[in-house]
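Sharing a structure with you now.
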Amino acid sequence: MLQLRKSHPMNAEEREHLVRTWIEHHRRRREQGEPPEDTFWSWEKLDDAVRRQPDLAWELILQILETDQSSVTLENLAAGHLEDLFVRHGDSYIERIENQAECDSTFNLLLGGVWKNAMSDDVWNGVRKIRGEIW
């Protein structure tokens, strides 16, 4: 199992494994109607990164998006880990969010599935200002 600790950063192979397993987890969850136990660790690891290592979470979210743009992935990233990252750390990420949305149309599309939740008004207004179509 992958450990997300600052003292042991993930190497490229570990990141790729996490990304692919996260995508598989959500695809199978959609097909089966419930989260598969054998891949749930990938959701937990990304959730932990959102809370404890936001830079790593940001990179993993972008890598997931680059790897797969299916509706299952977009829906689960937007209303899940990306939204949670904005809630917890959005004030320090708003500039990155804006820059990414300007240069990456897929990321801008992803923002259309993010909702305010508990994010600050400043972050939410920034997201609303830059995102394209709401879905």
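Could you work out how far helix 121-130 tilts from the main Cα principal axis of the chain, as a 0 to 90 degree angle to the nearest 10?
That helix lies at roughly 90 degrees to the long axis.
OK, next. What residues qualify as long-range amide H neighbours of Gly112, i.e. H under 5 Å apart, gap of 5 or more or another chain, H built at 1.01 Å from N?
Gly132
Of the labelled options (1) 2, 8, 11, 14, 15, 16, 15, 11, 6, 2, 1; (2) 2, 11, 21, 24, 20, 14, 7, 1; (3) 2, 12, 22, 20, 16, 11, 9, 5, 2, 1, 0, which one gives P(r) over Cα pairs in 5 Å bins from 0, in percent as computed for this structure?
(2)
Figure the gain on full extension for Ile134 and Asp55 (residue separation times 0.36 nm, minus the Cα-Cα span) and round it to one decimal in nm.
Separation in residues times 0.36 nm, less the Cα-Cα distance, equals 25.9 nm.
For every other residue with a beta carbon closer than 14 angstrom to the beta carbon of His25, add +1 if it is Lys or Arg and -1 if Asp or Glu, then tell me the sum.
-3
Further question: Shape verdict for segment 70-118, please, from the Cα gyration tensor: rounded (a/c under 1.5), prolate (a/b greater than b/c) or oblate.
Taking the square roots of the gyration eigenvalues as a ≥ b ≥ c, segment 70-118 is oblate.
Mind checking the angle between helix 54-67 and the chain's longest principal axis? C-alpha axes, 0 to 90 degrees, to the nearest 10.
With rounding to tens, the tilt is 80 degrees.
Where does helix 40-52 land angle-wise versus the long Cα axis of the chain, in degrees 0 to 90, nearest 10?
Here the helix axis deviates by roughly 50 degrees.
Every read-out reported here was derived from the displayed coordinates using simple, explicitly stated rules and does not represent laboratory data. The model shown is predicted, which means the values in this text are computed figures rather than measured ones. Using ideal geometry, Cβ is built from the backbone for each residue, glycine included, and neighbour counts are taken over all protein chains shown.
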